[in-house]
1. Ordered shortest first, which distances in nm separate the 7 Å Cα→C-beta label point of residue B:11 from those of the other copies?
2. Out of all DSSP beta bridges in the range E:3-60, what portion is antiparallel? Express it as a percent rounded to 5.
3. Closest approach to the B-A rotation axis by any Cβ of B: residue and distance in angstrom?
4. Give me the distance between the Cα centres of chain C and the range B:17-56, rounded to whole Å.
5. Taking only Cα atoms, what is the 0 to 90° angle, nearest 10, from helix A:14-32's long axis to the longest principal axis of chain A?
6. Starting from a label point 7 Å past Cα on the Cβ side, list the distances from residue D:33 to the same position in the other copies, nm, shortest first.
7. State, in angstrom, two size descriptors of the protein assembly as shown derived from its alpha carbons: Rg to one decimal place and Dmax to the nearest whole number.
8. Which value, in Å to one decimal place, does the Kirkwood hydrodynamic radius take for chain E when every pair of different Cα atoms is included?
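Since every read-out is calculated from the coordinates, none of them should be taken as a lab result. Quick caveat: nothing in here was measured; it's all calculated off a predicted structure. For neighbour counting, all protein chains shown are included, and Cβ atoms are generated from backbone atoms with ideal geometry for every residue, glycine included.
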């Protein structure tokens, strides 16, 4: 632990993902005092037609 | 909040998804008195070889 | 399928939950043409100190 | 119930998945005394660039 | 990996949970050829008023 | 989006959670260029008898 699941809109580069998992892990180590190697992160790239806010698909939002 | 995650068998059309997120959002607004714009929905399209009931993959079920 | 996971702020009554699962199930049957008995819903009541928007805990938001 | 969500690195064959859902279901029936047909399993195949341990993407790990 | 999330009706004893995680882990090692120590399991005990099948809360089902 | 779900061992203080959601949100804004107010975080406090590594419950690990 901790196990982190991140749903985000697809299209980010692997460099962005590389930086993200590093920074999120550091944020957890720094604030909740867990071991760095214990942090597991799962990223799920979401399509805009599979996310909705207020009843409207993201792909239909201007 | 609320955040809704819907796992469903893949293959639905975008029109079906459009109607689904609208109706599910209205159902929540009507019954738990939340704000429409606060409702977030995530849809995950599942393959039949990645779902199982009673120990049998969906793709193996008649 | 479908399996629906709903995270919402705790405190709703069982009557609200009863109505919610009924209406959400009907919304799915009506829009994605699934069988009513195949719809599974999981509700997770969240504490305000366990949810955050924009980096601020819900319990700290005015 | 129970509902089981399994995140695993992609690339397993359908035979491996077939055996996995069967064995995991038997393990649950045997140990928590649930009905076989009530066990639902969802498998999510993960890409190595979408998983991280200790702040490092799996695809970057030797 | 793999990461396994198990939602089940609350009330099982710790002995049942002990046996379950052992057996589910063995099932994964045996069928998808992963390392035993890599298997992470999360158990979520669910209340009957927070689960529904076919639009009816579990606590309302005979 | 992004929506972040964090499973962690229970017992952290609200101050730790306050700092965690702030830092994790900043990490995401900085690395994947999302809007701060769009970041939603869900925290789930886990009991040691509901987590397992390598087939052994956390509460049984020395």
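1. With the label placed 7 Å along Cα→Cβ, residue B:11 yields 3.0, 3.0, 3.6, 4.3, 4.8 nm.
2. 20 percent
3. Per the Cβ-to-axis criterion, the result reads B:44, 5.
4. Computed from Cα coordinates, the inter-centre distance equals 9 Å.
5. Compared with the principal axis, the helix lies near 50 degrees.
6. Reported distances to equivalent positions: 3.8, 4.0, 4.0, 4.3, 5.7 nm.
7. 19.5, 54
8. After inverting the pairwise mean of 1/r, the radius is 13.3 Å.
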